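Working notes, structure below.
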Amino acid sequence: MKKIFTAILFIFLLALQSQAATVSGGISKVDLTNTNRVVDAATNAPIGNAKVSLPKYNYSTYTDEYGGFNIGNVNGPTIMSVEKEGYRPFSLTINDTIAARPMVLGIQKSNIADIVIASDVFHLGDDNYSEHSSGAGTFRLRSNGPYFSKTFMLNSDAISSNNYLVIGSIIGVDTLMARSMGQNKIVNSYASPPEIYFNGAKIAEIHLNGDNQKIKIPKNLIRANQQNEVTIKAGRNLMQTAYVDYDDIEIANLSIISE
Ligand SMILES: [Ca+2]
């Protein structure tokens, strides 16, 4: 049975009020109404000096004291990531429509139990992809090959809590479901879904592109006080039988969180 993972977004794409917002200290800053901002998801407090990156454009900037930041024009889907010490890595798939409006991004404080597996953007596949793919035009990074694998320690607390693998953002998935949802414009082919393995056992398939996909890690697979391993395998173009054509995807921010 195939599973669909609902994207849970810890973000607020709120239209900003037309009135000038008041920030801490009673200082008003009129241009906040038209500015993208990074705030604390719990308190709404502005977060300064957060790094905002668009890897596709090799662009990065830092938020000002009001949490404000600017990005230039974007074309098509692209991953935007936000990094700030003490906070969980955050990423969001944006496009020209989203980028044209002010964005308020609520980022969450990190937990001592969080494990960041990858905080950057990496590409899986073979660098051979259709211009109609849901990631086409976005892939800037050379492929790391069809597999990604990383080992990390889990302590004994991991057994007593619920653990999730969180994929910050994923683009380029060209499954039948992604196609039927209008995530790409490919008419004559589709791919098998990327597969997620934990300590060698398949725990999920990714059928859709999106942000913050949470995958529960079965407790019986967890090795406490030992190395554990996450592996992601790219899907394959199911209409190409003459050779193996991996479905090229890009992933930003992989982490393990426990709740
Ligand atoms: Ca390919």
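Remarks
- Filter pass, residue 169 being surrounded by 21 or more Cβ atoms within 10 Å (Cβ to Cβ) and either part of a loop (DSSP other than H, G, I, E, B) or not assigned by TED's automatic domain parsing to the domain that holds residue 81 (or both): yes
- Residue match in the range 178-190 (condition: within 17 Å of residue 150 (Cβ to Cβ) and within 16 Å of the ligand (Cβ to nearest atom)): no
- Members of the range 193-211 found to be touching a Leu at 6+ places or on another chain (Cβ under 6 Å) and either more than 26 Å from residue 132 (Cβ to Cβ) or surrounded by fewer than 20 Cβ atoms within 10 Å (Cβ to Cβ) (or both), listed by number: 198, 199, 201
- When residues of the range 118-164 are limited to those that are more than 21 Å from residue 74 (Cα to Cα), crowded, with 17+ Cβ neighbours inside 10 Å and away from the ligand (no atom under 16 Å from the Cβ), the one modelled with the lowest pLDDT: 158
- Close pairs from the range 59-79: first within 20 Å of residue 169 (Cα to Cα), partner among the aromatic types (Phe, Trp, Tyr) and in a strand (DSSP E or B), Cβ under 9 Å, at least 6 apart: 61/69; 71/59
- Among the residues of the range 190-213, those that are in contact with a Lys or Arg (Cβ under 9 Å, 6 or more places away or on another chain), closer than 16 Å to residue 246 by Cα and in a loop (DSSP other than H, G, I, E, B) comprise 190, 192, 193, 194, 207.
- For the range 227-258, the tally of residues that are over 21 Å from residue 177 (Cβ atoms) and out of contact with any strand residue (DSSP E or B) (no Cβ under 7 Å at 6 or more places or on another chain) stands at 3.
- Residue 235 meets the conditions (1) modelled with pLDDT under 95; (2) within 16 Å of the ligand (Cβ to nearest atom) in every case but one. The failed one is (1).
- Test for residue 135: is it in the same structural domain as residue 238 (by TED's automatic domain parsing), in contact (Cβ under 8 Å) with a residue 24 or more places away in the chain and touching a strand residue (DSSP E or B) at 6+ places or on another chain (Cβ under 8 Å): yes
The values are calculated or read from the model by the stated rules, or taken from the named source; none is laboratory data. In this text, all values refer to a predicted model and were calculated from it rather than measured experimentally. Neighbour counts run over all protein chains shown; Cβ positions are idealised from the backbone, glycine included.
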